[in-house]
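The values are calculated or read from the model by the stated rules, or taken from the named source; none is laboratory data. Everything numeric here is computed off the predicted structure, so don't read it as measured data. Note that we place each Cβ from the backbone using ideal geometry, even for glycine, and neighbour counts take in every protein chain shown.
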Amino acid sequence: MRADDAQLTWLPVAAAVRLPFLQSPRPGKKTHLSTVYRWVRSGKVRAYKRGCWLFVCVENLEALVRPVVPRRRGAGPPPAGAPQTSEWARRVLDEAGI
């Protein structure tokens with residue numbers, strides 16, 4: 001465990017699978033221990049071993065299961081200095097004689 005890991009929350013894997021945000025995609029089922037072990041082995045979740053106990057970082061688990069929200073294109077004002085689309089379209093149509 002590194003020095004900057006001290007402020008993170010660490011739980012044994014058996015306790016981590018009972019966290020409310022860590023739900024199985026199957027209704028009424030909990031996430032299996034093997035699933036969390038697989039995430040640790042693949043490097044998706046940070047963990048350290050002390051004796052026979054494997055501790056996982058709760059913050060990494062939350063980040064792993066948090067849904068990804070895509071950014072919408074065109075949301076917000078156009079960048080400064082960019083020509084307005086209607087002006088550009090009008091100019092192109094005028095040059096084409098349409």
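May I ask you to verify whether L11 is in a loop (DSSP other than H, G, I, E, B), among the hydrophobic types (A, V, I, L, M, F, W, C) and either under 20 Å from the mean Cα position of the chain (by Cα) or surrounded by 10 or more Cβ atoms within 10 Å (Cβ to Cβ) (or both)?
Here the answer is no, as L11 does not meet what is asked.
Identify the single condition in (1) free of Cβ contacts under 8 Å to residues at least 40 places away in the same chain; (2) in contact with a Lys or Arg (Cβ under 7 Å, 6 or more places away or on another chain); (3) under 20 Å from L8 (Cα atoms) that G43 does not satisfy, given that it satisfies every other one.
(2)
What pairs come out if I take residues in the range 59-70 that are closer than 13 Å to L8 by Cα and pair them with residues that are of a type in the set (S, T, Y) and in a loop (DSSP other than H, G, I, E, B) whose C-beta lies under 9 Å away, six or more apart or interchain?
That search, which allows pairs on different chains as well, returns E59/T9.
Which ones in the range 17-72 are part of a helix (DSSP H, G or I) and either of a type in the set (A, V, I, L, M, F, W, C) or modelled with pLDDT under 85 (or both)?
L33, V36, W39, V40, V58, L61, A63, L64, V65
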